[in-house]
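For reference, the structure is listed below as structure tokens.
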Amino acid sequence: MYPRSFCDADARGEGNLPGVRSRLPYLMDLGVDAIWLNPFYPSPMHDGGYDVADYCDVDPRFGTLRDFDALVADAMALGIRVIIDIVPNHCSSRHPWFEEALSSGPGSNARERFIFRDTPNNWQSHFDGPAWTRTPDGQYYLHLFDSTQPDFNWRHPDVVAMFERVLRFWLDRGVAAVRVDMANTLFKDSELPDRLADSRLVPYYNRPELHDLYRSWRGILDSYPADVYPGPRGAIAEIWFDDPDSARPYLADGGLPQTFNFRLMLVPWAAAELRAVIDEARQLVADSGGSMPWVLGNHDITRMVSRLGIDQALIRHPTEALRRGTVEPDKVLGTRRARAAALLILALPGTAYLYQGDELGLPEHLAIPVERRDDPTFHRTGGAAVGRDGCRVPLPWSGDAPPYGFANRPVRTWLPQPLDWAALTVATELSEVDSVLNLYRSALRLRRQHPALGDGEMRWLDAGADTLAFTREPGFGFVANFGDRPVMMPAGSHVILASGPLYGALLPADTAVWLKFQ
């Protein structure tokens, strides 16, 4: 959940915690078990709140700590847990520690909490350009992201102690779990060597020191009694990986309980490639006993409808092709595939995370005017990279025109909404039996009810090169057709849910079904 774009309770054009609280009944009816909130902390908002100035408060634009406590209490009463975003790699340049570091000068303890050097190396920012910015006294500080986001020095005990306090502060307020932003970048090679162009080794990814830190955090999580929630408090690590071996240490016993699996978002809409990454994750989990939740969308990725509506030869690098307008997505095709993908992710063993608006079938907003762009990626590249604004547009709740019920009266939303979203509002989709929203509602309800979708053993079926099919005991089956022609569904089964219209016993292209076997 991106609170800034979820629901606006005070008609200022930005979503806030009271807005989230007002829509909790919608979330309960949808069938979610938990909500993960992107950052709501005090922030200059140079990077959508991921530039944190105070880790133990709420930015006034989002409400107050009292609003947060009320949200947690109301969510808990509805059986919904609250997960918050922790941003430990970097803070805002407006954080008191960094302001002290700038004023204290070279060699000070305040500077040692960050990474200052007299001479920069060749590291580049994830948002383009050098990862070092020069201060007035001639030193440089490291920022793997925007220059307003200085990286912490995780070898300094003050940093370690501060984040232990931050974890306890929010766990004491009833938070069920934390999501750890950029969990694989906290420690850097202490020598700060240049990054070699021909090497797969990155001096700031997956350092071994991370895992002692996360074991200590796991100890904090496990120290909280199960008097508020059944079982221990949780955490989930955001890591991106190409090599599954780099993910293994994060899944080791005693580390963080969950590690995101983003691989489904990065492969084409093709049965063999999807099966390969599913098997890869299942093997990692089997080897470690850890947990790798499935993900098909989030606040950083081109929305699923648009991503799946383009030539899938582009899917490994779809973002700029789409967001710069060099390719036009087929919304009808993308929606059909996104519906099938929803049934896939909800049929697989384990946890699934859904991004707000995907349950409505929202496409990427590709026509945001230059003057309304907010993402630092856009500004740091001079517009060469359009950025992530298109997947962060405020949600449409009701009505025929912007702001579509996002606020309770006409208001200029912080990002503009498309003019053609009336058919995609919550109110409209609730009234249509075959809407994307009602598909998600049905799938989540059945997921709770069917015993196999708890921990039923999964077995692949041999159903042809363009078909993905598996069973889960007892008696559940999944089939998706990735080819151009209809395929026959398994004998001895009947359909309990379909992502689109069927042709009798034939499954059309880009369609998935949930089956019950006799």
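The values are calculated or read from the model by the stated rules, or taken from the named source; none is laboratory data. Everything numeric in this text was worked out from a predicted model, so none of it was measured. Heads up, the Cβs are rebuilt from the backbone with ideal geometry, glycines too, and the neighbour counts pull from every protein chain shown. The accessibility values were calculated without ligands, DNA or RNA, using every heavy atom of the protein model including side chains. Shrake-Rupley method; radii C 1.70, N 1.55, O 1.52, S 1.80 Å.
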Cβ pairs under 6 Å, 6+ apart, first in region 348-372 and in a strand (DSSP E or B), second of a type in the set (S, T, N, Q) and open to solvent by less than 50 Å² (accessible area, probe 1.4 Å):
none
(1) in a helix (DSSP H, G or I); (2) crowded, with 21+ Cβ neighbours inside 10 Å; (3) among the aromatic types (Phe, Trp, Tyr): which one isn't true of Phe40, the others all being true?
(1)
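Yes/no matrix, rows are residues, columns are (1) hydroxyl-bearing (Ser, Thr, Tyr); (2) over 23 Å from the mean Cα position of the chain (by Cα); (3) buried (at least 19 other Cβ atoms within 10 Å of the Cβ); (4) closer than 23 Å to Arg66 by Cα:
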| residue | (1), (2), (3), (4) |
| --- | --- |
| Arg165 | no, yes, no, yes |
| Ala177 | no, no, yes, yes |
| Asn184 | no, no, yes, no |
| Glu191 | no, yes, no, no |
| Pro208 | no, yes, no, no |
| Tyr214 | yes, no, yes, no |
| Trp217 | no, no, yes, no |
| Asp227 | no, yes, no, yes |
For residues in region 238-297 being over 19 Å from the mean Cα position of the chain (by Cα) and acidic (Asp, Glu), which is most open to solvent (accessible area, probe 1.4 Å)?
Asp253
On the given criteria, is Ala131 within 22 Å of Asn38 (Cα to Cα) and free of Cβ contacts under 8 Å to residues at least 40 places away in the same chain?
no
Can you name the number of the only condition in (1) free of Cβ contacts under 8 Å to residues at least 40 places away in the same chain; (2) crowded, with 19+ Cβ neighbours inside 10 Å that Ala401 fails?
(2)
Out of curiosity, is Asp158 touching a Lys or Arg at 6+ places or on another chain (Cβ under 6 Å), acidic (Asp, Glu), in contact (Cβ under 8 Å) with a residue 24 or more places away in the chain and open to solvent by 20 Å² or more (accessible area, probe 1.4 Å)?
yes
Taking region 390-407 and keeping only residues that are at pLDDT 95 or above, within 30 Å of Asp128 (Cα to Cα) and not β-branched (Val, Ile, Thr), one is left with Cys391, Arg392, Pro394, Leu395
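For region 433-447, enumerate the residues that are out of contact with any helix residue (DSSP H, G or I) (no Cβ under 9 Å at 6 or more places or on another chain) and free of Cβ contacts under 8 Å to residues at least 24 places away in the same chain. Let's see the steps before the verdict.
Of the residues in region 433-447, the ones out of contact with any helix residue (DSSP H, G or I) (no Cβ under 9 Å at 6 or more places or on another chain) are 433-434, 442, 445.
Across region 433-447, the qualifying residues are Val433, Asp434.
Collect the residues in region 423-466 that are closer than 26 Å to Met488 by Cβ and basic (Lys, Arg), keeping them in residue-number order.
Result: Arg447, Arg459.
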Only one of (1) of a type outside the set (A, V, I, L, M, F, W, C); (2) more than 20 Å from the chain's Cα centre (by Cα); (3) assigned to a helix (DSSP H, G or I) fails for Glu328. Which number is that?
(3)
Pairing a residue in region 263-286 that is within 16 Å of Ile315 (Cα to Cα) with any residue that is among the acidic types (Asp, Glu), where Cβ atoms lie under 6 Å and the two sit 6 or more apart in sequence or on different chains, gives Val267/Glu273; Ala271/Asp466
Among the candidates Phe68, Phe62, Phe127, which residue alone is surrounded by 20 or more Cβ atoms within 10 Å (Cβ to Cβ) and closer than 23 Å to Asn206 by Cβ?
Phe127
Can you tell me which of Leu446, Leu515, Leu453, Leu419 is over 18 Å from Arg336 (Cα atoms), loosely packed, with under 14 Cβ neighbours inside 10 Å and not aromatic (Phe, Trp, Tyr)?
Leu419
What are the pairs, 6+ residues apart or on separate chains, where a residue within region 408-432 that is at pLDDT 95 or above has its Cβ under 7 Å from a residue that is assigned to a loop (DSSP other than H, G, I, E, B) and among the hydroxyl-bearing types (Ser, Thr, Tyr)?
Gln417/Tyr404; Trp421/Tyr404; Thr425/Ser398; Thr425/Tyr404; Val426/Ser398; Ala427/Ser398; Glu429/Ser435
For the condition closer than 16 Å to Ala342 by Cα, open to solvent by 10 Å² or more (accessible area, probe 1.4 Å) and of a type outside the set (S, T, N, Q), what is the one hit in Gly464, Gly500?
Gly500
Residues being touching an Asp or Glu at 6+ places or on another chain (Cβ under 9 Å) and not small (Gly, Ala, Ser): count how many of those fall in region 344-369.
7
Quick one: how many residues across region 131-165 are of a type in the set (Lys, Arg) and out of contact with any strand residue (DSSP E or B) (no Cβ under 6 Å at 6 or more places or on another chain)?
2
Please pick out the residue among Leu322, Leu346, Leu354 that is at pLDDT 95 or above, open to solvent by less than 50 Å² (accessible area, probe 1.4 Å) and not aromatic (Phe, Trp, Tyr).
Leu346
